[in-house]
Amino acid sequence: MTKIIELAEIAPVVLRRSRRAKRLAITIKPIEGIRVAVPYGVSFDTAEKFVRVKINWIRKHQNRLEKLKQDHQALRLDFSNISEPKAIKALSERLLELADRYGFVFNKAFIRRQKTRWGSCSVKNNVYLNIKLANLPPELMDYVILHELVHTRVKNHQAEFWSELEKYLKNARSFNRELRKYKLSLL
């Protein structure tokens with residue numbers, strides 16, 4: 001069940017009932033626009049009041065998204081033609097190669113289409129990679145893979161993590177900054 005509210009200050013907002021939502025949550029995406037996940041037990045009136053209270057926050061994030069679109073239009077990659085079998089093979093091979101070269105041990109690897117992350121590492125040392133990594137420049141693909149492999153040893157992003165990552169990849173933070181330019185490509 002959905003409801004669309006029109007607010008003069010911002011674009012139309014889609015309120016969508018969600019079984020998975022535990023709280024009201026706003027998402028702003030370039031194509032889909034503004035959406036609010038409304039948990040069962042929360043009325044659409046309450047959700048609309050919530051949106052009205054968050055108008056400044058929404059505007060701020062719309063402006064950030066617009067600036068990202070303008071700044072990085074040339075860096076937006078087309079992932080519609082990814083050959084999944086080739087991408088999975090390339091990413092799997094590179095993950096194994098880097099893990100072997102630097103002595104990392106991980107549990108399992110999963111390669112999927114994700115919308116919010118380039119990669120992650122679970123507490124059980126499972127490494128998750130976004131299939132879209134295959135279209136990034138090779139040095140950024142390696143950065144993400146090494147980043148997740150380091151998480152098999154250091155589970156946070158504090159100084160120890162960055163120090164460990166620097167052992168395998170000099171100027172790791174510069175790669176992190178460069179990767180941010182491709183953020184819109186995730187969506």
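A short reminder: the numbers here are calculations on the coordinates, not readings from a lab. Given the structure is predicted, the values throughout are model-derived calculations rather than measurements. Ideal geometry is used to build each Cβ from the backbone, glycine not excepted, and the neighbour counts take in all protein chains shown.
Details
- What the Cα convex hull of the stretch 84-186 gives, in volume per residue, is 93 Å³.
- Straightening the chain between I31 and A159 buys 42.4 nm, computed as 0.36 nm per residue apart minus the Cα-Cα spacing.
- Expressed to the nearest 5 percent, the antiparallel share of DSSP beta bridges inside the chain is 55 percent.
- The stretch 9-68: antiparallel DSSP beta bridges as a percent of all, rounded to 5: 45 percent
- Footprinting exposure proxy for L186, L15 (fewest neighbouring C-beta atoms within 10 Å first): L186, L15
- Label sites at R113 and E166, each approximated as a point 7 angstrom past Cα along Cα to Cβ, lie 3.9 nm apart.
- Area projected by the alpha carbon convex hull of the stretch 2-71, averaged over all directions, nm²: 4.7 nm²
- Of I31, I55, I131, the one that fluctuates the most in a GNM where the chain has Cα springs shorter than 10 Å: I31
- Furthest towards positive pole of dipole, P85, I31, S122, structure part the chain, Cβ charges: I31
- With eigenvalues of the C-alpha gyration tensor scaled by 5 and rooted, the chain, Å: 36, 19, 17
- Using a cutoff of 8 angstrom between alpha carbon atoms and counting only pairs six or more residues apart, the relative contact order for the chain works out to 16 percent.
- Distance from the stretch 153-187 to the stretch 83-135 (C-alpha centre basis), Å: 15 Å
- Net +/- balance of residues flanking I10 in space, Cβ distance below 13 Å, scoring K and R +1, D and E -1: +1
- Per-residue Cβ neighbour counts within 10 Å put Y182, Y102, Y143 in the sequence Y102, Y182, Y143, beginning with the fewest.
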